[in-house]
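Asker: Structure below; questions to follow.
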Amino acid sequence: MATVHLRIGDLVWGKLGRYPPWPGKVVSPPKDLKKPRGKKCHFVKFFGTEDHAWIKVEQLKPYHPHKEEMIKINKGKRFQQAVDAVEDFLKKKEKQGGKEQSSEGKGDAKGKKSPTKPLKILEEDDEDLSALKDPSEKPVQDDPHFHHFLLSQTEKPASSMEPISKRLKIVEEDTGSTSIQAADSTAINGSIIPTDKRIGFLGLGLMGSGIVSNLLKMGHIVTVWNRTAEKCDLFIQEGARLGRTPAEVVSMCDITFSCVSDPKAARDLVLGPSGVLQGIRPGKCYVEMSTVDPETITELSQVITSRGGRFLEAPVAGSQQLSNEGMLVILAAGDRTVYEDCSSCFQAMGKTSFFLGEAGNAARMMLILNMVQGSFMATIAEGLTLAQATGQSQQTFLDILCQGQMASTFVDQKCQNILQGNFKPDYYLKHIQKDLRLAISMGDTANHPTPMAAAANEVYKRAKALDQSDNDMSAVYRAYIH
């Protein structure tokens, strides 16, 4: 949603996490309630539910200009009740000559001050979080953004906003196969209708596990395979089917996705014994989601299509957390019809999808993105250790950083994890170093200098030498302190 300039009292549509835009009003927060650090947001009271939340400015739209749009894409009794509550509010305001009259904190007829109900911040582990859910509704996927920012009155009937399922819109430009084709960056609300095609998934690592979980939750029929078979057990319990080999999965399914660690693993999966290629028949679709070099993509595309198969690359930008939340960014290239056939799958696993033209373009874009991210992470680690070496508080450094132009969830989370000594992998250090290496090689091929990436790559290589490969990328910090 576009950024807008708002004032206290303005009516808005506010979008919180994976929940649909909901009508609300910008209000003043309680004096003792601090604004989330590093985030430009407004405190919003939602109509119909009487819930409150800090909403980022880019997730807010003025109420009146977008009313018809929101009513068209949002359905449900509770949503309609919320809209009716807004209209009642406007009618009362009009009768009062355009002035609002709040009863909060005002005295009653006898001059006594009526108490206001306390607001409580709901966290993920709150026992009464279930009070926000309508028992008549089906369970929805947990959203940590909702749990973290939603404030709800404790003395009120149970209520909630309706769950959101994401629907991505495909947009195409007539500028050739290499031009950027982007899906609408704002998810359109509505129920995801899972494809009736049979889905296969190969590789249940940090990213693949979250993707498969969301495919299953959204009603897709999924057959899974993993090199370490034990990882399949949890998904079998959730309703997935088991394939004994990659070839068997491909032969059983209409569309097969794979998400593995590196180019060698991607090639072995396709070309090795009982591999993908043995199961490919005319019309079978293969979607490579691994982050690999464009040469590997070209090779895999050629061998798949030589058997009559249809090929799409679709690497994802994100982390384990975003994978679990179904909020990945998907970069796709190759066969456009496969991209369209994967629509419901991409809706389930991601918040945004881009189609980038011919096969190889998504790999190039993904390597550039991860090159920037890896270099940035190394620079942040360097700054933290330099602060310590010069007698400055690392926490103060982070606090200042999160109030400036570089403020982001990425910076905040990674730095906090470093200060806590928590390097549980959200994106493996060995994988970001692999991406840097491949990006540098791509630069060499294009005769384009990548000195910053090359310097960062050396720091990650040192971290790997210090046995940090299987830790999070933020463990690059340890390369500076040893």
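Asker: In whole Hz, with x marking every Gly and Pro, tabulate ³J(HN,Hα) for the range 391-396 from phi via Karplus 6.51 cos²θ - 1.76 cosθ + 1.60, θ = phi - 60°.
Answerer: Each residue's phi maps through the Karplus curve to give x, 9, 6, 5, 5, 5 Hz.
Asker: Would you list 35, 40, 264 from the most to the least accessible area, probe 1.4 Å?
Answerer: Solvent-accessible surface, decreasing: 40, 264, 35.
Asker: Going by amide H atoms built from the backbone, whose H comes under 5 Å of the H on residue 256, apart from near neighbours?
Answerer: Correct list: 200, 285, 286, 287.
Asker: Let me ask something additional. Past the 22 angstrom mark, what percentage of all C-alpha to C-alpha distances in the range 326-482 do you count?
Answerer: That fraction is 50 percent.
Asker: A further question follows. Please find the FRET efficiency linking residue 271 to residue 420, where r is the Cβ-Cβ separation and R0 is fixed at 41 Å, and quote it to the nearest 0.05. It would help to have the intermediate numbers written out before the result.
Answerer: Working: r = 43 Å, r/R0 = 1.05.
In this case the efficiency is close to 0.45.
Asker: Rounded to a whole number, what is D in µm²/s for the range 374-449 from Stokes-Einstein with the Kirkwood radius over alpha-carbon pairs (4 °C, 1.567 mPa s)?
Answerer: It diffuses with D of about 92 µm²/s by this estimate.
Asker: Among the listed pairs 35/67; 35/56; 434/464, which are separated by more than 18 Å between their Cα atoms?
Answerer: The answer is 35/67.
Asker: Let me ask something else about it. What FRET efficiency comes out for residue 466 versus residue 242 if R0 is 41 angstrom and r is the Cβ-Cβ distance? Round to the nearest 0.05.
Answerer: Calculated value: 0.60.
Asker: Report the far tail of the P(r) of the range 254-373, meaning the percent of Cα-Cα pairs longer than 23 Å.
Answerer: Tail of the P(r) past 23 Å holds 23 percent of the pairs.
Asker: Could you tell me the ratio Rg/Rh of the range 195-275? Both radii from Cα atoms, Rh via Kirkwood.
Answerer: Value, to two decimals: 0.93.
The values are calculated or read from the model by the stated rules, or taken from the named source; none is laboratory data. Computed from a prediction, not measured in an experiment: that's the story for all the values here. All Cβ positions, glycine included, derive from the backbone under ideal geometry; neighbour counts span all protein chains shown. Calculation scope for accessible area: heavy atoms of the full protein, side chains included, ligands and nucleic acids excluded. Shrake-Rupley method; radii C 1.70, N 1.55, O 1.52, S 1.80 Å.
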